[in-house]
1. Please report the accessible area of T97 (heavy atoms, 1.4 Å probe, ligands and nucleic acids excluded) in Å², nearest 10.
2. Ignoring everything except DSSP H segments at least 4 long, calculate the 222 nm mean residue ellipticity for the chain; use -39,500 (n - 2.57) per segment, divide by total residues, nearest 500.
3. Cα atoms only: what Rg and Dmax, in Å, come out for segment 44-107?
4. Mind listing P(r) for segment 108-150? All alpha-carbon pairs, 5 Å bins, whole percents.
5. Using a simple charge model, +1 on the beta-carbon of Lys and Arg, -1 on the beta-carbon of Asp and Glu, nothing else, what dipole does the chain show about its Cα centre, in debye to the nearest 20?
6. Could you report the accessible area of Y75 in Å², rounded to 10, computed with a 1.4 Å probe on the protein chains as they sit in the structure?
7. Tell me, what % of the accessible area of the chain is carbon and sulfur with a 1.4 angstrom probe?
8. Return the distance in nm (one decimal) between the two label points of a simple spin-label model at S103 and T32, each offset 7 Å from Cα along Cα→Cβ.
Amino acid sequence: KEAKSINRLKIYIDFKKPRGGLCIEIVQEVYTSQGYELHVENAPWARALMLVKEGHYDILPNAWLSQERTQFLAYSTPYAKVRVKVVKKKGDVFEYTGIQCLSKKRVGIVRGADYGTEFTNAIDISKEEGTNMIQNTKKLIAGRIDLILEDQIGLVTTLLEKAPTLLRDIEFETTPFSNNELYVACGLGNPRCQKLIETFNRGLEQIKANGTYRAILSRYGLKEGSIQ
């Protein structure tokens, strides 16, 4: 039986890792189990979001839930959790104990990403947008910004692949900035939106039941249901 084809995906994850990385490996396995074939491309997050919103591409495989975006995106069942950390330059004495600590700080963020209503509405935090996490890390080390907000596992794995020397010059704060669930998201204007979301939810249940999901997480040293 010929596989059904999902249109090319545009997101900002590094797909040069074996099997494409954790998120893509899970999403790929889910859709493959339902007879679909995924075609994946890289793009900056803001552009990826726009292309999915406008229906040019089918899904964002690693979206965080944003109430604002529910106006134009449908979300699947969450399939994992990601911990966002405050990242500082090595040797910085700054200690993160809550969002109030970011007052008067220049904080690097990825353009188009959502960091929560409280952060977005904070007028005393200077939000410095960058195209991607590597660009923000370089700005941090160069002293052009004070801190960055980033998924710890995502940042470490990306730097190990593309710029490993940068890891020597950064530190992660212990207290998480946020804990976010990961979803597959599809533009509401996409005629296949409901079908693609329902298919993912059904496939996710299937790979959890047959042990595939647990096996994928174990390859990354993770326990079922969380990315920590």
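The values are calculated or read from the model by the stated rules, or taken from the named source; none is laboratory data. Predicted, not measured: the structure shown is a model, and the values here were computed from it. Because the Cβ atoms are built from the backbone with ideal geometry, glycine has one as well, and the counts that use them run over all protein chains shown. We work out accessible area using only protein heavy atoms, side chains counted, and drop any ligands, DNA or RNA first. Shrake-Rupley method; radii C 1.70, N 1.55, O 1.52, S 1.80 Å.
1. 90
2. Helix-only estimate at 222 nm: -9000 deg cm²/dmol.
3. Rg and Dmax of segment 44-107, Cα atoms, are 16.4, 46 Å.
4. 5, 26, 33, 22, 13, 2
5. Using Cβ point charges on Lys, Arg, Asp and Glu, the chain gives about 400 debye.
6. Number for this one is 40 Å².
7. Percent of accessible area from carbon and sulfur atoms in the chain: 47.
8. Going by the 7 Å Cα→Cβ label model, 5.1 nm.
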